[in-house]
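Accompanying notes for the structure given below.
The values are calculated or read from the model by the stated rules, or taken from the named source; none is laboratory data. Nothing here was measured: the structure is a model prediction, and the numbers come from that model. Note: ideal-geometry Cβ built from the backbone for every residue, glycine included; neighbour counts use all protein chains shown. Keep in mind that these areas ignore ligands, DNA and RNA; they rest on the heavy atoms of the full protein, side chains included. Shrake-Rupley method; radii C 1.70, N 1.55, O 1.52, S 1.80 Å.
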Amino acid sequence: MLSAEAKQFIDSHKEEAFELLKTIAQIPSPSNHEERRMEFCKKWLEDMGAEGVYTDEALNVVYPVGVKENGPVVVFMAHTDVVFPDTDPLPWKEEGGKLCCPGVGDDTANLVNILMIAKYVTQAGLQPAGAGILFVCNSGEEGLGNLKGSRKICEDYGDRIQAFYSFDGKLDSVTNRAVGSSRFLVTAKTQGGHSYGDFGRENAIEKLAAVIEEIYRIQVPAEGKTTFNVGTISGGTSVNTIAQEARMLCEFRSDNKAGLDYMKEQFDRILDRPELTVELVGERPCENLSQEAEEKREALLQKAEARLKAATGREVTRQPGSTDCNIPLSLGIPAVCFGAYFGNGAHTREEYVERDSLEIGYGVTFDTVLEYFV
């Protein structure tokens with residue numbers, strides 16, 4: 001239950017939080033190039049009084065509160081990167097109670113929650129009740145970011161992490177299974193030549209097309225959910241040229257290790273051809289929890305569901321997903337992922353957040369974090 005002081009802070013700072021969202025949402029931050037948001041978040045935290053804020057080689061911004069050397073920690077994070085490659089400011093508009101901007105929900109609205117909670121904790125002089133707290137504005141959650149920010153935090157703090165929260169997604173669901181994946185850049189090369197004069201020579205596009213056709217003949221396992229996809233293809237020179245080179249990005253995913261292992265066997269078999277070069281460009285693990293860790297994770301899930309339902313009056317669904325929690329869950333660390341807004345259009349340029357939902361989200365996330373403070 002939120003204290004009167006926390007409720008007052010949320011109410012008196014909601015306009016500040018809105019302006020912060022509007023500012024950050026427009027800062028370009030494609031995966032692996034989060035420098036501008038990283039610099040903004042670090043400076044914002046320091047300007048409001050945070051001490052000990054640091055950045056790491058993964059482009060995370062980390063604010064430790066009450067963290068003792070070699071002592072236990074609890075992690076709260078939201079990612080700074082978006083799926084869009086823009087390097088110019090992202091377009092923002094407001095209409096009919098909707099805040100419209102690519103990446104505004106995924107994950108900028110949740111990121112603002114981390115920052116505002118950190119401000120409240122700092123200015124109220126709160127101290128952790130037990131384990132130290134890490135507030136993390138993390139990098140690399142999307143696409144080929146390959147969860148680099150989450151990996152770095154788990155690498156640096158390891159088994160000191162007692163619980164791990166990722167604020168990502170909306171107010172009506174929690175992520176209860178870690179979907180693992182492997183992603184590949186596949187290149188086909190041939191001699192090529194003139195489409196008429198050298199007719200009959202091997203064509204790299206045809207070679208790649210044959211590989212794609214075989215991938216789409218894979219029968220996925222019945223247990224759990226296992227998928228595959230060819231996401232992009234490119235290559236060739238002109239309509240009158242036999243293509244010398246063609247490329248594709250493809251992936252497989254599964255919510256269980258057996259599914260991942262099966263798909264690895266299928267892809268290894270299909271991609272084992274002399275004309276192909278295969279580069280692993282992304283790999284995300286499934287969960288690997290002991291019974292004790294699973295029980296702790298279940299407790300985190302149930303508590304999150306209860307908070308979300310109480311705050312919104314809506315039913316909360318459990319769904320599998322690929323999130324920053326994949327890394328701690330693969331290491332046996334209890335973790336949970338949920339979001340703090342209502343909206344739609346994630347991963348599209350029509351994405352929006354419902355402005356009226358933001359204050360509800362602050363209540364949920366403040367209540368979640370402040371449980372760990374005295």
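Answer yes if at least one residue in the range 88-100 is under 23 Å from E57 (Cβ atoms) and acidic (D, E), and no otherwise. Break it down stepwise before answering.
Residues of the range 88-100 under 23 Å from E57 (Cβ atoms): none.
No: the range 88-100 contains no residue that is under 23 Å from E57 (Cβ atoms) and acidic (D, E).
Of the residues L280, L308, which single one is closer than 27 Å to S31 by Cβ and not basic (K, R)?
On the way: L308 fails: closer than 27 Å to S31 by Cβ.
From the options L280, L308, the qualifying one is L280.
Please verify whether A124 is among the aliphatic types (A, V, I, L, M), open to solvent by 10 Å² or more (accessible area, probe 1.4 Å), closer than 28 Å to D356 by Cβ and touching a residue at least 60 places away in the same chain (Cβ under 8 Å), treating the condition exactly as stated. Please lay out each step first, then the result.
Details: among the aliphatic types (A, V, I, L, M): yes; open to solvent by 10 Å² or more (accessible area, probe 1.4 Å): yes; closer than 28 Å to D356 by Cβ: yes; touching a residue at least 60 places away in the same chain (Cβ under 8 Å): yes.
Yes.
Scan the range 282-292 for residues that are over 16 Å from the mean Cα position of the chain (by Cα) and not in a loop (DSSP other than H, G, I, E, B) and jot them down. Step through it out loud before you land on a result.
Just the residues of the range 282-292 that are over 16 Å from the mean Cα position of the chain (by Cα), to begin with: 288-292.
Scanning the range 282-292 gives Q291, E292.
Considering each of D168, D172 in turn, give the residue that is in contact (Cβ under 8 Å) with a residue 40 or more places away in the chain, closer than 19 Å to E305 by Cβ and crowded, with 22+ Cβ neighbours inside 10 Å.
D168 is the lone residue from the list that is in contact (Cβ under 8 Å) with a residue 40 or more places away in the chain, closer than 19 Å to E305 by Cβ and crowded, with 22+ Cβ neighbours inside 10 Å.
If you take the residues of the range 90-105 that are in a loop (DSSP other than H, G, I, E, B) and more than 20 Å from G145 (Cα to Cα), which of them is farthest from the chain's Cα centre (by Cα)?
Taking the range 90-105 first, the residues in a loop (DSSP other than H, G, I, E, B) are 90-92, 96-97, 101-103.
Filter once more, so that each one left must be more than 20 Å from G145 (Cα to Cα): 91-92, 96-97, 101.
Values: P91: 21, W92: 22, G96: 28, G97: 26, C101: 18 Å.
The residue in question is G96.
Checking L144 against (1) in contact with a helix residue (DSSP H, G or I) (Cβ under 9 Å, 6 or more places away or on another chain); (2) within 30 Å of C286 (Cα to Cα); (3) of a type outside the set (S, T, N, Q): exactly one of these is not met. Which one?
Just one mismatch for L144, condition (1).
Answer yes or no as to whether S166 is closer than 19 Å to A340 by Cβ, touching a His at 6+ places or on another chain (Cβ under 9 Å) and either of a type in the set (D, E) or part of a strand (DSSP E or B) (or both). Full working, then the answer.
Details: closer than 19 Å to A340 by Cβ: yes; touching a His at 6+ places or on another chain (Cβ under 9 Å): yes; either of a type in the set (D, E) or part of a strand (DSSP E or B) (or both): yes.
Considered against the rule, which asks whether it is closer than 19 Å to A340 by Cβ, touching a His at 6+ places or on another chain (Cβ under 9 Å) and either of a type in the set (D, E) or part of a strand (DSSP E or B) (or both), S166 comes out as yes.
Please specify each residue of the range 10-29 satisfying the condition of being open to solvent by less than 20 Å² (accessible area, probe 1.4 Å) and not hydroxyl-bearing (S, T, Y).
Within the range 10-29, I10, A17, F18, L20, L21, I24, A25, P28 meet the criteria.
Name the one entry in T87, T108 that is of a type in the set (S, T, N, Q), in contact (Cβ under 8 Å) with a residue 24 or more places away in the chain and assigned to a helix (DSSP H, G or I). Full working, then the answer.
Numbers: T87 fails: assigned to a helix (DSSP H, G or I).
Selected residue: T108, the only one of T87, T108 that is of a type in the set (S, T, N, Q), in contact (Cβ under 8 Å) with a residue 24 or more places away in the chain and assigned to a helix (DSSP H, G or I).
For residues in the range 47-89 being surrounded by 14 or more Cβ atoms within 10 Å (Cβ to Cβ) and of a type in the set (D, E), which is nearest to the chain's Cα centre (by Cα)?
Residue satisfying both the conditions and the ranking: D81.
Just for the range 175-193: of the residues that are surrounded by fewer than 21 Cβ atoms within 10 Å (Cβ to Cβ) and not in a strand (DSSP E or B), which one is nearest to the chain's Cα centre (by Cα)?
Restricting to residues being surrounded by fewer than 21 Cβ atoms within 10 Å (Cβ to Cβ) and not in a strand (DSSP E or B), the top hit is T190.
Residue check, E223 against (1) open to solvent by 70 Å² or more (accessible area, probe 1.4 Å); (2) modelled with pLDDT of 95 or more, all met but one. Which one?
Exception for E223: condition (2).
Restricting the first residue to the range 271-290 and requiring it to be closer than 30 Å to G332 by Cβ, which pairs with a second residue that is aliphatic (A, V, I, L, M) and in a loop (DSSP other than H, G, I, E, B) meet a Cβ separation below 7 Å and a spacing of at least six or different chains?
Listed by first residue and then by second, the contacts come to R284/L147.
Can you tell me which of (1) in a helix (DSSP H, G or I); (2) open to solvent by 70 Å² or more (accessible area, probe 1.4 Å) is the one T277 doesn't meet?
With respect to (1) in a helix (DSSP H, G or I); (2) open to solvent by 70 Å² or more (accessible area, probe 1.4 Å), T277 is out only on (1).
List pairs: first residue in the range 6-27 and in contact (Cβ under 8 Å) with a residue 60 or more places away in the chain, second residue open to solvent by 10 Å² or more (accessible area, probe 1.4 Å) and not in a helix (DSSP H, G or I) anywhere in the structure, Cβ distance under 9 angstrom, at least six positions apart or on different chains.
Pairs found: I10/L2; K22/W92; K22/E94; A25/W92; Q26/P89; Q26/P91; Q26/W92; I27/P89.
Within the set of pairs 6+ apart or on separate chains, which have a first residue in the range 44-55 that is touching a residue at least 24 places away in the same chain (Cβ under 8 Å) and over 17 Å from V67 (Cβ atoms), a second that is of a type in the set (A, V, I, L, M, F, W, C) and surrounded by 13 or more Cβ atoms within 10 Å (Cβ to Cβ), and C-beta atoms under 7 Å apart?
Short answer, once both residue conditions are applied: W44/L115.
Being part of a loop (DSSP other than H, G, I, E, B) and either modelled with pLDDT under 95 or open to solvent by less than 70 Å² (accessible area, probe 1.4 Å) (or both), is that true of even one residue in the range 241-251?
Looking for residues that are part of a loop (DSSP other than H, G, I, E, B) and either modelled with pLDDT under 95 or open to solvent by less than 70 Å² (accessible area, probe 1.4 Å) (or both), one finds at least one in the range 241-251, hence yes.
Can you name the residue in the range 305-338 that is more than 11 Å from P285 (Cα to Cα) and of a type in the set (V, I, T) and, of all such residues, is farthest from the chain's Cα centre (by Cα)? Walk me through how you get there before you give the answer.
Of the residues in the range 305-338, the ones more than 11 Å from P285 (Cα to Cα) are 305-321, 332-338.
Next, from what is left, pick out any that are of a type in the set (V, I, T): 312, 316-317, 333, 336.
Numbers: T312: 24, V316: 20, T317: 19, I333: 17, V336: 13 Å.
Once the filter is applied, the top-ranked residue is T312.
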